[in-house]
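Working notes, structure below.
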Amino acid sequence: MIELANIEKSFGDKKILKGINLSVDEGDVVALIGPSETGKTTLLRTINFLEKADKGTIQIADQVLDVNQAKESEIIDLRGKTAMVFQNYSLFKNKTLLENVMEGLVIVQGIDKSEAESIAKAEIERVGLGHKLDAYPKEISGGQQQRIGIARALALKPQVLLLDEPTSSLDPETSVEVLKILKEVAKSGITMIIATHEMAFAENVSNRVVFMEDGYIIEDGSPDQIFNHAHEQRTIDFVQEISRDIFEEGE
Ligand SMILES: Nc1ncnc2c1ncn2[C@@H]1O[C@H](COP(=O)(O)OP(=O)(O)OP(=O)(O)O)[C@@H](O)[C@H]1O
Ligand SMILES: [Mg+2]
């Protein structure tokens, strides 16, 4: 479904992605984990050309693009196969929840308003906020805003859902609400790549875990492999470190 080959990306003279190869099957739910500043966000953003990689090829479904030869129309086409959920929700403050979810359908996909409205309503209901269609983002909680961020992405009927730390701005209880919804979304069979620091989610919801460090994929395997029988010392160290962090937080 997704095939990344030799993706490299620098910002200024700092190389952030150092040759990423990743192959994701249809229906995979991939958790992308790793220390801060490792390139997880950058990798997600290069997949849909929000950030143009310097080198490499990106394949989604049957479309293969060499990042340096891709035409604007091809990029738009590829981007249309994806939708992204951002850490900070990035909803339009002056639009209602319904309008926020309709926006991409009408503006990007050119769907007529009445159809866009019925798709948007269905997706907002799916995330449990059907009673808030006319509310504005500031009138709902952060967790509810992120649920709208998810509805907005799903409304686009993407083949691939990219999520960048969707719960990291939320308190633990609210995170749980959002993670439950993502668990349901994962069951629907959509292909997902989720950068996350929620190890419970990575361990229990994803079927694959990709551990990234310092611009490289260090290890890619089942959750059981990564969390319990990692092959690479760096993976073992990272997993140990996060379990220690959790233990210390609990003290
Ligand atoms: N637009 C940009 N311009 C310059 N540097 C950038 C840009 N975006 C990211 N970087 C740098 O690239 C590095 C990797 O950032 P990235 O956000 O991909 O890491 P991350 O793994 O997602 O980290 P975190 O876990 O903290 O979200 C960081 O050092 C960051 O400062
Ligand atoms: Mg990030």
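Quick notes on this structure:
- Apart from one condition, ARG244 fits all of (1) away from ligand 2 (no atom under 16 Å from the Cβ); (2) modelled with pLDDT of 90 or more; (3) part of a helix (DSSP H, G or I); (4) of a type outside the set (Val, Ile, Thr); the exception is (2).
- Of residues in the range 97-119 being more than 22 Å from the chain's Cα centre (by Cα) and not in a helix (DSSP H, G or I), the one surrounded by the most Cβ atoms within 10 Å (Cβ to Cβ): ILE111
- Checklist (1) away from ligand 1 (no atom under 16 Å from the Cβ); (2) among the small types (Gly, Ala, Ser); (3) closer than 28 Å to GLU51 by Cα applied to SER168, failing item: (1)
- Considering ALA5, ALA83, the condition of being among the small types (Gly, Ala, Ser) and either out of contact with any helix residue (DSSP H, G or I) (no Cβ under 6 Å at 6 or more places or on another chain) or within 16 Å of ligand 2 (Cβ to nearest atom) (or both) is satisfied by ALA5 alone.
- Consider the range 158-182 and keep the residues that are under 15 Å from the mean Cα position of the chain (by Cα) and β-branched (Val, Ile, Thr). The one that is farthest from ASN204 (Cα to Cα) is VAL160.
- Output for the range 28-54, where each listed residue is closer than 21 Å to ARG79 by Cβ and exposed (fewer than 14 other Cβ atoms within 10 Å of the Cβ): LYS52
- Residue match in the range 40-56 (condition: small (Gly, Ala, Ser), assigned to a loop (DSSP other than H, G, I, E, B) and touching a residue at least 60 places away in the same chain (Cβ under 8 Å)): no
The values are calculated or read from the model by the stated rules, or taken from the named source; none is laboratory data. Model, not experiment: these values are computed from the prediction. Here Cβ is always computed from backbone atoms with ideal geometry, including for glycine, and neighbour counts include all displayed protein chains.
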